[in-house]
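See below for the structure under consideration.
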Amino acid sequence: MGALITLDQVSKTYRTGDIAVHAVREVSLDVGAGEFVAIMGASGSGKSTLMNILGCLDRPTGGRYVLDGVEVSELDRDQLADLRNRKLGFVFQGFHLLSRTSALENVELPMLYARGLTATQQHERALRALDLVGLADRADHHPNQLSGGQQQRVAIARALVNEPVLLLADEPTGNLDSRTSVEIMGVFQRLNAGSASRSNGQGITILMVTHEPDIARYATRTIIMRDGRIVTDVPVAERLNAADELRRLGPLQPVGP
Amino acid sequence: MRPLATAKIAWRALRRNPMRSALTTLGIIVGVGAVIAMVGIGNGAKAQVEAQIASLGRNVILVFSGSTTASGLHTGMGSAGTLTVEDVDAIGREVSGVAAISPEVRTISQVVAGNQNWATQVLGESPDYFDIRQWPLAEGTPFTDRDVRSANKVAVIGRTTARQLYAGDSPIGRIVRIKNVPFVIVGVLTPKGLSVMGTDQDDVLIVPYSAAMKRVMGTTTLRSINIQAASATLLASMPRQITELLRQRHRIGPGRDDDFMVRTQQDIAEAATETSRIMTTLLGAIASVSLIVGGIGIMNIMLVSVTERTREIGIRMAVGAHARDILMQFLLEAIALSSLGGVIGIAVGIVAAKVLSAVANWPTLISVGSIAVAFLFSAAVGIFFGFYPARKASRLDPITALHYE
C-alpha cells in the first residue's frame, strides 16, 4: 500500500522578534491509505501545528509534504484551498457549524466551493452524507436544536461530503461526554473500515488529535509528540471496538447506524 | 469563481439576520427615497419653467428698443423707442430666415365695456403675432393685415380680461373702450397661463399695432419686435444679422453701444432654467448626503458582521473557499442590502413625491433616468462601502479565524 501522506524533515518555525520558536522540528512521517492515526501530546508539543500543516491550512518552513501525490509545500493559498476542498475533511473540537443554518445546508457548504455539481446533486449528496452519520431525519434542524453528539455528526457529514481521501479530526470528542465520545469513535471506525462511506467502497484515512488515551485506543496507530518531535509511533496494541463498548455501556439512547 | 453559488451563500447569510438586514437597508431606503423625491421636485420645477418658456412660442427672437442717453440720463431698455415700423420692414426684407414678424407696442390701460372696467395690458401687434406665440383663438378670427393697414379698431381679447368684462357672455362683436376709443372684439384667445415672470398672460387685449400707435398711445416708435425664425438652427445666426442691420440703420458707429437688444428664446430659457437647475442640484446634493450616511451604515454593519463571523470565515476557508470567494460573498451581501434598499427607496421616493404634489401642490417629475441613476448609485454605494469590510474578511488567516472566540 502506497503512502497517502509523506512528511520529509518537515519543520515549522515561528519568529517573534528575535526569538525563533521551533513548533515542529524535522518531522518525518508516512501514513498509508486506510490508517486511523491518533496524535497525542501535551499542549505545546507541536501537535496542533503539525495538524495545521497536514490540513494544508499552514505551510511548513522547511522540508517536504506530499499528500496523495501532490507536493503541498509549493502550492499557493488558492491551490491549498482547492486541495482542502477536494482531498480533506475537517472535524473540530467545537463542531464549527454555521448557526441558524440547517444541518443540510451546513453539510452542503464544502460543495458550494467545489465545481461541477448541480443544486440537486449537492442536495442528494448532502442527504446521503447525513444518512451515513445517522441524521437523515434531522436534515432541517438547526445546530441549536441538536445535541453535541448530533452536531459533531453533522460536522462529520460535512467533512465527508466531498469524498476526501483524508479526515482530520482535532480533538473531536473534547466537548462531548464519554458515551457520546464512544459513539463518535464508532462513526469513525465504520468510516475507516470502508463500506458505504465512499463511492469506491474503500475506507477513509483518519488523522485524529486527542489528549485522551482512551479515545486514542480506537485508532490503529498512536503517535506521541513532545517538543516538536515525534517521540513514539506505535500500532495500537489493544484496540477498542466502539460497537462493543456501546453494548457494554448499555442501551441508554438509540445509536445511529 | 462561482457567482451563482456565492450569491446563494450571501443570500443565506442575510436571511440568517433578518432584523439587522432590514435596519441596514432602511438607511439606504431613506437615502434613495430622499434623492428620488428631491430630484423629482427639482425636475418638476424645471419642467414648469420650460413649459412657460415654450409658451413664448417657437424659435422666437425678441428685439427690444434700447436705452438712450440724453443729458447724461440713461433710460431703461424698451423705454427709448429706438425701433420703428421701418426697422421691422427692413428686417423682414433683408434678414433671411424670418418666418413671421410682429412689431409690438404695449401699454397698461383701463378698459371699459358697458358698466364694467378693468386695467389690462394692451398689446399692439401684427397678425403674425398669433403664429409666433403659437397662440390659437378659442373663438372668432384674428385681425388681418388689412386691419393693420387701415388701423381698424378691432381687438382680440384674452381669457382673463374677457371674464372680467363680460363674465360668462361671449365677447365677440361687443365693444370695448380703450382710452375712450371703441374697439370691436373679433376673437377670444385660448388660455395660456402664467408667464416665466409669473404674470397672467391671459390678462391681455391685442389690437393691430397701427391702431394702438395712432389711436390709443399716440406714439411712432415700437417697444419691441417679435420675430420667428424659420428653423431652430437659424436662431444662432439671425441675431447677428439683425444686429448688423439695425446698427447700420440707426447709424451707430464702431465702438458705440447698441440702442437696442436682441434676445433669443434660448437666452431667456437658459436664464430661467438656471435657477431651477441650481435648485435641483442643491436638493439632490442634500439628499445624497443621507444616501452616503446610509452607505456608512452598511459599512458599519458589514464590519461588525465580519468580526462576528470570523469563525464562519475560517470554516469556509477550511472547506475550500478562496480569498476571492469570501470577498465576493461579503461584497454581494453589501450590494444586496444596498440595491434592495435602492428598489424600496425608489418606491418610497415616488410615493413621497406624489404626496408632496398632492399636499403642497408642487409639481414633481420623476424620470426613468433618475430612477435608473438612483438604483445604480445605491448599488455603487454597496460596492464602495462594502469593499473594505469584504477585503478585511478575505485577508483573514484561516487558522486564526478558526480559533477566534
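Here are a few things to note about the model shown:
- Residue that is surrounded by the fewest Cβ atoms within 10 Å (Cβ to Cβ) [pool: residues in region B:160-187 that are more than 19 Å from B:Q110 (Cβ to Cβ) and modelled with pLDDT of 90 or more]: B:G173
- Considering only residues in region B:316-331 that are surrounded by fewer than 24 Cβ atoms within 10 Å (Cβ to Cβ) and part of a helix (DSSP H, G or I), the one that is farthest from the other protein chains (Cβ to nearest Cβ) turns out to be B:L331.
- Residues in region B:218-238 that are under 16 Å from B:S126 (Cβ atoms) and aliphatic (A, V, I, L, M): B:L222, B:I225, B:I227.
- Just one of the listed residues (A:V133, A:V154) is more than 14 Å from every other protein chain (Cβ to nearest Cβ), farther than 21 Å from A:L57 by Cα and crowded, with 23+ Cβ neighbours inside 10 Å, and it is A:V133.
- Number of the condition not met by B:S210 [criteria: (1) without any contact (Cβ under 8 Å) to a residue 24 or more places away in the chain; (2) surrounded by 19 or more Cβ atoms within 10 Å (Cβ to Cβ); (3) of a type in the set (S, T, N, Q)]: (1)
- Among the residues listed as A:T232, A:T222, the single one being crowded, with 16+ Cβ neighbours inside 10 Å, away from chain B (no Cβ under 14 Å) and of a type in the set (S, T, Y): A:T222
- Scanning region A:74-91 for residues being touching a residue at least 24 places away in the same chain (Cβ under 8 Å) and either within 16 Å of B:I9 (Cα to Cα) or facing chain B (nearest Cβ under 7 Å) (or both) gives a total of 4.
- Considering residues of region A:108-130 that are within 8 Å of chain B (Cβ to nearest Cβ) and of a type outside the set (A, V, I, L, M) only, the residue surrounded by the fewest Cβ atoms within 10 Å (Cβ to Cβ): A:R115
- Sole exception among (1) out of contact with any helix residue (DSSP H, G or I) (no Cβ under 9 Å at 6 or more places or on another chain); (2) under 25 Å from B:V319 (Cα atoms); (3) away from chain B (no Cβ under 14 Å) for A:D8, by number: (2)
- Residue tally, condition under 21 Å from B:I29 (Cα atoms) and part of a loop (DSSP other than H, G, I, E, B), over region B:351-396: 4
- Filter pass, A:E105 being within 29 Å of A:S181 (Cα to Cα), acidic (D, E), at the interface with chain B (Cβ under 8 Å from one of its Cβ atoms) and surrounded by fewer than 24 Cβ atoms within 10 Å (Cβ to Cβ): yes
- Candidates A:A157, A:A136, A:A126, filtered to the one that is free of Cβ contacts under 8 Å to residues at least 24 places away in the same chain, out of contact with any Gly (no Cβ under 9 Å at 6 or more places or on another chain), among the aliphatic types (A, V, I, L, M) and more than 24 Å from A:G228 (Cα to Cα): A:A136
The values are calculated or read from the model by the stated rules, or taken from the named source; none is laboratory data. What you see is a predicted model, and the numbers here were worked out from it, not measured in a lab. Every residue, glycine among them, receives a Cβ derived from its backbone with ideal geometry; neighbour counts consider all protein chains shown.
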